[in-house]
Amino acid sequence: MTFGRLSAHLSEFFRRFDLDAVVGPGDPESAIADLVRAQLAGEPLPDTVWRREGGDWRPPDRTPRLLRDDELPLPDVTEIPYEAYDLLYADDTARFCGIPKRRELVVPVARGCPVNCAFCEIPGREGKAERRVPIPRIISYISEMADTMPFEYVSMYAPTFTLRKRWVHEFCDAYEASGIGIPWKCTTTLHHLDEELIRRMGAAGCIRISVGLETLEPAGHAALPRAKHVAEQRFRETADACRAAGIELNCFVILGLPGTSFAGVARTIEAVREIGGRVRPTIYTDFDDMRADMDEPTVASFNRQLFRPGEEPEDAARYYRVLFDPDAPVTAVHEVIPRRSRS
Ligand code: SF4
């Protein structure tokens, strides 16, 4: 069986492979547990997955059970090949979201997002209602992992980390009180930040906030939910608050968002650089255009790094120069993260 982002979004694509089952949207852990239970009991494949019956595929009759907050799993770090993992982020010109030269512990804090951007597959896969690991469990997990391996920063992996401000204040209190002291980063939207919150996060060890800025060009707002209609003034105020709190502002910028122009992209990137932020560009990708009968290279081109073959805009080369610019400024945020011995 397969599970994961593509299985969830385009389950029928996998019917061409020699598989017994494919997990669609929902929590894959529940579907996998259903399947294992059925196999152990000698029963047919469960109705929570796409399954092969005879020569035909049958779609799920229901979605797998959503895990409760206190059931959300946290990774076993001993299963992760960190020597290789570290290399993913070693070169910051590759523009991923990890921090170069420092080891990352990822904590999957939450699933689901109510912001519901049309270009994002998270609400469809994880739900629009957010679920969050309880704070005491997050703290004890980080503390235990920090004793297991020399992690140098923590990535609080939540679609919109500051969705509930009270939760973030409580988390910051608990993290400080724990004495763990490892710097951390998170992702959210500008709409879900304010000066007081940013100050609190900085005091509790936050060193980078990534935000889905997407564009400062008003013509692109029609393609974005209201929460992402960002005025440049608000963006600059948030940047000032981050600077004062010692936090790097990492801005996701979409190239080719409907309604926007190359000039608008260039202007958005210039504005981020003016405030000393980091730019993380990606190419607009409409996952709803994927079809189950597409060939593998076409499906693979829906990756936010490429325009679809045959559908490149006239000025694709200019966009690619921005996306893969080897001379783009690189982050210096690792310099504020103390090193830990790996021996
Ligand atoms: S705010 Fe972020 S996680 Fe939520 S739907 Fe939009 S892009 Fe996805």
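No value in this document is a laboratory result; all are computed from the given coordinates. In this text the structure is predicted, and so the values were computed from the model without any measurement. Neighbour counts are summed over all protein chains in view; Cβ atoms, including those assigned to glycine, are modelled from backbone coordinates with ideal geometry.
Can you give me the C-alpha center-to-center distance between the stretch 140-158 and the stretch 239-292, rounded to a whole angstrom?
28 Å
Per-residue HN-Hα couplings for the stretch 297-308, Karplus 6.51 cos²θ - 1.76 cosθ + 1.60 at θ = phi - 60°, whole Hz, x for Gly and Pro?
x, 5, 4, 5, 7, 7, 10, 6, 10, 9, 6, 5
Would you list which aspartates and glutamates come within 18 Å of residue 101, measuring only between C-alpha atoms, while excluding same-chain residues fewer than 8 positions from it?
83, 86, 91, 92, 152, 248, 335
Return the FRET efficiency for the residue pair residue 195, residue 229: r is the Cβ-Cβ distance, R0 is 22 Å, and the value is rounded to the nearest 0.05. Spell out each step's value before the answer.
On the way: r = 20 Å, r/R0 = 0.90.
Approximately 0.65, to the nearest 0.05.
Taking 2.2 N^0.38 Å as the expected size of a compact globular protein, what ratio does the Cα radius of gyration of the chain give against it, to two decimals? Let's see the in-between values first.
Values: Rg = 21.1 Å, N = 343, 2.2 N^0.38 = 20.2 Å.
Dividing the Cα Rg of the chain by 2.2 N^0.38 Å gives 1.04.
Tell me, in nm to one decimal, what length is gained between residue 240 and residue 289 on full extension, where the rule is 0.36 nm per residue of separation less the Cα-Cα distance?
Numbers: separation 49, 0.36 × 49 = 17.64 nm, distance 3.86 nm.
Between residue 240 and residue 289, full extension yields an extra 13.8 nm.
Please find the FRET efficiency linking residue 304 to residue 177, where r is the Cβ-Cβ separation and R0 is fixed at 45 Å, and quote it to the nearest 0.05.
Working: r = 38 Å, r/R0 = 0.85.
E between residue 304 and residue 177, to the nearest 0.05, is 0.70.
How much length would be gained if the chain were fully extended between residue 70 and residue 128, taking 0.36 nm per residue of separation minus their Cα-Cα distance, in nm to one decimal?
Numbers: separation 58, 0.36 × 58 = 20.88 nm, distance 1.80 nm.
That works out to 19.1 nm of additional length.
Starting at the first residue of the stretch 101-110, write each ³J(HN,Hα) from the Karplus equation 6.51 cos²θ - 1.76 cosθ + 1.60 with θ = phi - 60°, in whole Hz, x for Gly and Pro.
6, 9, 8, 9, 9, 8, 10, x, 6, 8
³J(HN,Hα) across the stretch 232-246 via Karplus (A = 6.51, B = -1.76, C = 1.60, θ = phi - 60°), whole Hz, x for Gly/Pro?
With the stated coefficients, the stretch 232-246 comes to 4, 4, 5, 4, 5, 5, 5, 4, 4, 5, 5, 4, 5, 8, x Hz.
Taking the Cα centre of the chain as origin, sum charge times position over the Cβ atoms of Lys and Arg (+1) and Asp and Glu (-1), and report the length of that vector in debye to the nearest 20.
Working: 44 positive and 54 negative charges, 158 e Å.
Approximately 760 debye in magnitude.
At 7 Å along Cα-to-Cβ for each site, give me the label-to-label distance between residue 263 and residue 148 in nm.
About 5.4 nm separates the two model spin labels.
Taking 22 Å as R0, compute the FRET efficiency from the Cβ-Cβ separation of residue 77 and residue 101 and round it to 0.05.
Numbers: r = 19 Å, r/R0 = 0.87.
Approximately 0.70, to the nearest 0.05.
Obtain the nm distance between the two label points defined at residue 340 and residue 58 by a simple spin-label model: each point lies 7 Å from its Cα along the Cα-to-C-beta direction.
That separation, rounded to one decimal, is 4.9 nm.
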